[in-house]
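The values are calculated or read from the model by the stated rules, or taken from the named source; none is laboratory data. Worth saying up front: this structure is predicted, and the values here are computed from it rather than measured. Because the Cβ atoms are built from the backbone with ideal geometry, glycine has one as well, and the counts that use them run over all protein chains shown.
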């Protein structure tokens with residue numbers, strides 16, 4: 001085996017998602033496994049360069065994991081010809097400018113979403129990347145999760161017949177920060193810093209719906225701020241200016257209707273933090289992050305509405321669990337592997353900056369729908 005090193009500038013690894021999912025559970029996990037086998041006698045060895053604003057935090061992470069390279073100077077790292085890939089998991093408001101620099105420097109780019117704060121900026125990134133001839137990818141992790149992979153298996157196998165509708169529930173209670181620390185950074189609740197659940201979650205819903213069921217053709221949404229005041233990391237109160245809940249209806253190409261509720265102000269009464277129920281003429285399924293349950297037409301009970309007597313059926317017991325039938329890797333790591341193979345071995349990959357722009361577009365139109373109180377068409381975008 002020949003070992004080939006790929007140097008990856010990772011910006012934003014001091015944040016929760018950048019550290020846990022991208023650095024530890026993806027890049028370092030690949031190193032612990034001995035690298036990524038490209039299938040041609042070559043093993044790819046990822047070498048991360050940790051980038052951020054807080055030198056002490058970067059140094060602590062590097063020491064904890066035995067890493068050598070850290071920097072607070074993005075420009076200097078991008079000017080280094082030995083750096084192959086730039087990865088971004090910063091706060092949304094800082095992402096577009098950094099990606100623009102990385103593309104101009106000729107680096108392949110891989111990034112969290114949303115890719116920009118508006119559709120114009122997201123499309124410009126895709127255009128710049130195409131003109132520069134670099135390879136580019138956007139994290140679309142949820143379609144790599146076991147529950148949705150099982151759901152995809154059902155769709156591909158024709159289990160549902162004609163799919164009629166999709167209903168999604170996402171969210172949990174994020175503490176305000178006064179008497180218990182919040183589980184999310186305070187910038188998530190300030191519009192000026194790129195916060196808001198529509199900007200955060202609608203890009204996810206776009207690729208989940210697009211990949212599994214069809215392109216989103218219209219959106220009608222209501223975004224609101226249920227909790228108007230929160231407390232930041234220093235215990236100081238601040239006004240929450242970004243939406244913390246959104247209720248959306250999406251029409252899809254082919255006639256499927258999707259309804260998805262997203263909220264950081266809801267207490268969980270479901271099996272997982274996100275669940276999608278898919279109903280079709282031949283069967284239904286409920287998929288979460290890991291599990292997936294089904295009820296086929298032939299095994300569908302016949303409930304009768306009668307509010308005057310207690311229910312005698314335990315409805316959840318009438319569903320069958322979909323077996324794993326295979327091993328499932330971490331979804332972030334699985335997509336990293338595909339992108340690295342795309343960059344280093346020209347493997348197939350279509351979750352690019354244009355796909356990321358579709359997510360930004362849906363968030364932008366969702367917010368506009370909420371302000372204007374009407375359904376809005378979602379046009380196809382292209383470069």
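Here are the numbers:
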quantity	calculated
Any chance residue 101 is touching a residue at least 24 places away in the same chain (Cβ under 8 Å), in contact with a helix residue (DSSP H, G or I) (Cβ under 7 Å, 6 or more places away or on another chain) and either crowded, with 16+ Cβ neighbours inside 10 Å or outside any strand (DSSP E or B) (or both)	yes
Some residue of the range 229-239 being assigned by TED's automatic domain parsing to the domain that holds residue 315, surrounded by 14 or more Cβ atoms within 10 Å (Cβ to Cβ) and touching a helix residue (DSSP H, G or I) at 6+ places or on another chain (Cβ under 6 Å)	yes
Members of the range 33-42 that are at pLDDT 95 or above and either assigned to a strand (DSSP E or B) or surrounded by fewer than 11 Cβ atoms within 10 Å (Cβ to Cβ) (or both)	36, 37, 42
Residue satisfying all of: in the range 14-32; farther than 24 Å from residue 91 by Cβ and under 22 Å from the mean Cα position of the chain (by Cα); surrounded by the most Cβ atoms within 10 Å (Cβ to Cβ) among these	30
Conditions (1) outside any helix (DSSP H, G or I); (2) buried (at least 22 other Cβ atoms within 10 Å of the Cβ): number failed by residue 206	(1)
The lone exception for residue 115 - which of (1) touching a helix residue (DSSP H, G or I) at 6+ places or on another chain (Cβ under 8 Å); (2) buried (at least 21 other Cβ atoms within 10 Å of the Cβ); (3) free of Cβ contacts under 8 Å to residues at least 60 places away in the same chain it fails	(3)
Qualifying residue in the range 352-369 (condition: over 20 Å from the mean Cα position of the chain (by Cα), more than 21 Å from residue 40 (Cβ to Cβ) and in contact (Cβ under 8 Å) with a residue 60 or more places away in the chain)	yes
Single match in 314, 274 (criterion: modelled with pLDDT of 95 or more and closer than 21 Å to residue 169 by Cβ)	274
Selection count, the range 127-149, where residues are buried (at least 18 other Cβ atoms within 10 Å of the Cβ), out of contact with any helix residue (DSSP H, G or I) (no Cβ under 7 Å at 6 or more places or on another chain) and farther than 21 Å from residue 252 by Cα	2
Residues located in the range 43-57, provided they are surrounded by 15 or more Cβ atoms within 10 Å (Cβ to Cβ) and either farther than 22 Å from residue 333 by Cβ or not assigned by TED's automatic domain parsing to the domain that holds residue 102 (or both)	57
Qualifying residue in the range 355-364 (condition: assigned to a strand (DSSP E or B), in contact with a strand residue (DSSP E or B) (Cβ under 7 Å, 6 or more places away or on another chain) and closer than 30 Å to residue 25 by Cβ)	no
All positions within the range 285-296 that are surrounded by fewer than 21 Cβ atoms within 10 Å (Cβ to Cβ) and more than 15 Å from the chain's Cα centre (by Cα)	290, 291, 293, 294, 295, 296
Which numbered condition residue 124 misses (of (1) closer than 30 Å to residue 234 by Cα; (2) without any contact (Cβ under 8 Å) to a residue 40 or more places away in the chain; (3) surrounded by 17 or more Cβ atoms within 10 Å (Cβ to Cβ))	(1)
